[in-house]
């Protein structure tokens with residue numbers, strides 16, 4: 001994965017998708033797709049090559065946790081890096097996400113530097 | 001209402017606005033609010049349950065929220081549009097998240113619902129427990145906003161401070 005790889009941003013709030021898109025641009029990622037919930041995200045993942053998923057936790061229809069489980073259960077998608085975005089770092093949630101195979105999580109609000117750090121860490125893990 | 005709940009929401013509000021909108025709001029002295037009328041032009045309210053129950057609302061003046069969301073999105077927004085309504089919900093969600101994280105460190109575990117956004121001059125805020133609520137007033141260079149919180153014991157008996 002490099003800076004031209006496509007990142008999928010999943011969040012039910014349009015402004016948050018826009019904020020994350022802006023932060024990604026600040027750290028050099030220009031190729032960005034968006035989805036407003038887990039169901040829409042799965043459609044995007046099936047229709048184009050996505051190299052990295054950044055998903056909110058709390059969403060209607062299909063939550064970020066359910067999306068993560070669906071991705072990890074899919075033979076074609078299971079190796080896609082997954083960063084969970086959450087408004088809280090409650091211990092139970094973190095344990096659930098780790099058990100489901102999340103690569104890392106980031107707590108809102110966050111800066112471009114923190115986002116970059118998380119993405120870089122996950123990419124390094126997949127290169128090993 | 002237990003005053004233990006004031007600081008996490010005060011600090012959470014400052015953290016969220018500083019990180020997302022590069023604005024450091026100045027907090028005033030908290031006071032008791034007995035009526036439902038909102039203090040701002042646009043508000044979001046979010047229900048909270050757990051070892052206590054209640055609700056959190058953020059209520060912004062028009063000039064203040066336009067500046068905050070313009071900074072968040074890197075766009076010059078002129079009016080209270082859909083982006084602003086969406087952002088007020090998300091800001092309230094984030095403040096709730098940061099505050100609940102702080103409260104969890106003190107053993108108070110809370111869950112939040114999805115925020116509801118209300119706009120218009122003289123709109124009302126209906127807290128889960130009815131009220132009265134505690135107002136934490138804030139000032140920014142572009143106008144005021146308030147954090148409006150109302151919590152009580154989870155058996156339904158609201159405690160007043």
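Only the coordinates and a few stated rules stand behind these numbers; no lab work does. Everything numeric here is computed off the predicted structure, so don't read it as measured data. Every residue, glycine as well, gets a Cβ built from its backbone with ideal geometry; the counts of neighbours run over all protein chains shown.
For peptide B:83-92, the mean count of partner chain Cβ atoms within 10 Å of a residue's Cβ comes to 4. Computed over the alpha carbons of region A:7-127, Rg followed by Dmax gives 12.9, 34 Å. Put simply, region B:3-153 fits an ellipsoid with semi-axes of 23, 17, 14 Å; these come from the alpha carbon gyration tensor as the roots of five times its eigenvalues, largest first.
Take peptide B:93-102, look around each residue's Cβ out to 10 angstrom, count Cβ atoms belonging to other protein chains, and average those counts. Intermediate results must be reported in sequence, preceding the final value.
Details: counts 7, 7, 3, 2, 10, 6, 1, 4, 6, 0.
Averaged over the peptide's residues, the number is 5.
Hey, can you rank B:77-88, B:125-136 by average C-beta count inside 10 Å, highest first? Walk me through the intermediate numbers first.
Values: B:77-88: 17.4, B:125-136: 19.4.
So the peptides B:77-88, B:125-136, ranked by packing, come out B:125-136, B:77-88.
Note on B:15-21: average number of Cβ atoms from other chains within 10 Å of each residue's Cβ is 3. Extending 7 Å from Cα along the Cβ direction at residue B:51 and again at residue A:124 yields two label points whose distance is 3.7 nm.
For chain B, the longest principal axis of the alpha carbon atoms and the long axis of helix B:62-73 meet at an angle near 80°.
Relative to the longest principal axis of the Cα atoms of chain B, the long axis of helix B:6-21 lies at roughly 20 degrees.
Could you tell me what fraction of 2.2 N^0.38 Å the Cα radius of gyration of region B:92-161 comes to, as a two-decimal ratio? Numbers along the way, then the final one.
Working: Rg = 13.8 Å, N = 70, 2.2 N^0.38 = 11.1 Å.
Relative to the 2.2 N^0.38 Å estimate, region B:92-161 comes out at 1.25.
Computed packing ranks the peptides A:9-16, B:105-112 as A:9-16, B:105-112, most packed first, by mean other Cβ atoms within 10 Å. Computed from Cα atoms, the angle from the helix B:82-105 axis to the main principal axis of chain B rounds to 40 degrees.
What FRET efficiency do you get for residue B:121 and residue A:74 if R0 is 35 Å and r is their Cβ-Cβ distance, rounded to the nearest 0.05? Mind dumping the intermediate values first?
On the way: r = 50 Å, r/R0 = 1.43.
It comes out at approximately 0.10.
Counting every other Cβ atom within 10 Å of each residue's Cβ, B:31, A:105 order from fewest to most as B:31, A:105. Take the Cβ atoms of residue B:153 and residue B:36, set R0 to 22 Å, and the FRET efficiency comes out at 0.50. Computed over the alpha-carbon pairs of the protein assembly as shown, the distance histogram in 5 Å steps reads 1, 6, 12, 16, 18, 15, 13, 9, 6, 3, 1, 0 percent, short to long. Take the Cα of residue A:66, step 7 Å toward its Cβ, do the same at residue B:29, and the gap between the two points is 5.0 nm. Considering only B:138, B:22, B:151, the mean-square fluctuation computed in a Gaussian network model of chain B, springs between alpha carbons under 10 angstrom, is largest for B:22.
Which percentage, to the nearest 5, of the DSSP beta bridges contained in the protein assembly as shown is antiparallel? It would help to have the intermediate numbers written out before the result.
Numbers: 36 of 52 bridges.
Taking every DSSP beta bridge with both residues in the protein assembly as shown, the antiparallel ones total about 70 percent.
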